[in-house]
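Student: Mind looking over this structure? Questions follow.
Derivation of every value follows stated rules applied to the coordinates shown; laboratory data play no part. All values derive from a computational prediction rather than experimental measurement. No Cβ is skipped: glycine too gets one built from the backbone with ideal geometry, and neighbour counts run over all protein chains shown.
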Amino acid sequence: MRLSQYFMPTLKETPAEAQVVSHRLMLRAGMLRQTSAGIYAWLPLGFRVLQKVEQIVREEQNRYGAIELLMPTIQSADLWRESGRYDAYGKEMLRIRDRHEREMLFGPTNEEMITDIVRSFVKSYRDLPKMLYHIQWKFRDEVRPRFGLMRGREFLMKDTYSFDMDYAGALRAYNKMYCAYLSTFARLGLKAVPVRAETGPIGGNLSHEFHILADTGESALYVDQALLDLDFLQVPGPEGDVDGFVAETTKLYAAADEMHDAAKCPVPAERLVSRRGIEVGHIFYFGTKYSDAMGAKIVGPNGESTAIEMGSYGIGVSRIVAAAIEASHDENGIVWPESIAPFKVGLINLKSGDAKTDPVCADLYAKLEAAGVEVLYDDRDERAGAKFADMDLIGVPYQLIVGPKGVDRGVVELKHRKTGERQELSLESALARLTQG
Ligand code: 5CA
């Protein structure tokens, strides 16, 4: 992408309304635009990151056996009356009437709808197990939408629902999603901690939240240091010892504020660390809560009719974009993990319009693009300082800097955004470095 032709309205000033660093940096980097309280338009740069996060989440769901579908954002109130949640959900639910005065709502989650779909088609235990998910916008009319994407009113969620004939099956599904989540966050370049949680309005009796550690997190966590020391790149795959892994890691103490009782905490004080976390995922086992209420039954192996065992599993896809920034930034801007960076390389022409730098940049740009590397080429007629500042701000992992003096000597500079390390390289070795792996 040539920056002169792109749409990336960066801001020099720090927007006054933004209280947390991720919100400030996303506004300044031209990723986001607030359109109403807690509702945002994703500008092109932000949308690229959102799509990358979404794709990694999708790939890991698929790998662990969940099947993607897409349910609508608008739901019928009648469905929610069946589960009893239409009244229980309260003011967070955005209620709508259509032209025929039918009561509708903008979905805050989809347990009822997916239960309705499954009960219509699944009649026998032979049709199970199934895990179904979608990635869809949700609306929750939060009293105080704040911190940008962290607590928005409209937000993108990945929600999976599992259907099993018995408790053992449901637990296996839960454990698979637990592993899928840790694997997802590791691929996103984020360190996430699983924490025993309350189930709240979703219901049920087994639940974990997944938190990214950041000082600005809304939740206070109490965690055994041994859990933080684990390397979640070693999570078992769908065919691995998922149950054993969950049993081992959940032995290590980790609790959010509301679940923590200092008097009963089994971890010795010197190993108990208190950190703040951003909740980016939440999984629930709730058994037959919805299938009982909504009559989602199957015929079992002995001909008996039983309610389907269920769980639900959410990831805050849009919240992750903000959480990644909270966890990784410096005084100059965002420092993206490579897997979700909007571009891999920022190509900076220090003297756009120059007879020496223009052709070298055009050549590097063409070669990188041809090799499938995502490049943002700053070909604007701007001061070098402004180009450096913008590239640092948007947090692209590698900056490839081309100036007239370097071109005379046949070299360019490669800067690593995260470490600040700079290297002079020949054009060939710079290209080789950026196109490998
Ligand atoms: N039905 C269940 C799981 S599918 C559910 O809705 N769980 S949840 O309420 O915990 O939401 C799942 C995830 O969505 C949360 O972990 C969080 O990361 C994200 N989320 C929830 N509310 C918001 C919000 N207001 N803004 C941004 N993300 C949110």
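Student: Just need the Rg to Rh number for the chain, please, alpha carbons only, Kirkwood Rh.
Tutor: A ratio of 1.03.
Student: Could you go through the stretch 188-201 in sequence order and give the Karplus-derived ³J(HN,Hα) for each residue, using 6.51 cos²θ - 1.76 cosθ + 1.60 with θ = phi - 60°, rounded to whole Hz, and x for Gly and Pro?
Tutor: 6, x, 10, 8, 10, 10, x, 10, 4, 9, 7, 8, x, x
Student: Rounded to the nearest 500 deg cm²/dmol, what is the calculated helix-only ellipticity per residue at 222 nm for the chain, with -39500 (n - 2.57) per DSSP H run of length n ≥ 4?
Tutor: On the way: 14 runs with 142 residues, N = 437.
That calculation yields -9500 deg cm²/dmol at 222 nm.
Student: For all pairs of alpha-carbon atoms in the stretch 197-303, what percent lies in each bin of width 10 Å, listed from the first bin to the last filled one?
Tutor: Answer for the stretch 197-303: a P(r) of 12, 35, 32, 14, 6, 1 percent.
Student: Something else: Work out the charge dipole of the chain with +1 on the Cβ of Lys and Arg and -1 on the Cβ of Asp and Glu about the Cα centre, then indicate which of 368, 252, 280 is farthest towards its positive end.
Tutor: 368
Student: Another question, then. Could you let me know the centre-to-centre spacing of the stretch 64-80 and the stretch 352-428, using Cα atoms, in angstrom?
Tutor: Here the answer is 45 Å between Cα centres.
Student: Give the span of the stretch 27-75's Cα atoms along each principal axis, as three whole-Å numbers ordered largest to smallest.
Tutor: Principal extents (largest minus smallest coordinate, Cα): 39, 29, 14 Å.
Student: Then there's this: What angle, in degrees between 0 and 90 and rounded to the nearest 10, separates the Cα long axis of helix 44-63 from the longest principal axis of the Cα atoms of the chain?
Tutor: 50
Student: Choose one answer from 209, 103, 338: the residue with the largest mean-square fluctuation in a GNM of the chain with alpha-carbon springs under 10 Å.
Tutor: Looking only at 209, 103, 338, the largest GNM fluctuation is found for 103.
Student: Can you give the Kirkwood hydrodynamic radius for the stretch 259-397, in Å, rounded to one decimal and based on Cα pairs?
Tutor: The answer is 20.7 Å.
Student: Given the options 229, 392, 159, which has the most mean-square fluctuation in a GNM of the chain, springs set between C-alpha atoms less than 10 angstrom apart?
Tutor: Among 229, 392, 159, the largest GNM mean-square fluctuation belongs to 229.
Student: Then there's this: With the chain treated as a Gaussian network of Cα nodes joined by springs under 10 Å, which of 99, 422, 28 yields the largest mean-square fluctuation?
Tutor: Fluctuation is largest for 99.
Student: Taking a quarter of the surface of the Cα convex hull of the stretch 40-115, what do you get in nm²?
Tutor: 7.1
Student: Note down the relative contact order for the chain as a percent, whole number, built from C-alpha pairs under 8 angstrom at least six residues apart.
Tutor: RCO, the chain: 17 percent.
Student: Charges only on Cβ, +1 for Lys and Arg, -1 for Asp and Glu: so what's the dipole of the stretch 180-281 about the Cα centre, in debye to the nearest 20?
Tutor: Values: 8 positive and 16 negative charges, 27 e Å.
Computed about the Cα centre, the dipole is about 120 debye.
Student: If you don't mind, there's one more thing I want to ask. From the C-alpha coordinates alone, can you work out the Kirkwood hydrodynamic radius of the stretch 317-404, in Å? Each step should come with its number before you reach the end.
Tutor: On the way: mean 1/r = 0.0730 Å⁻¹.
By the Kirkwood definition, the hydrodynamic radius is 13.7 Å.
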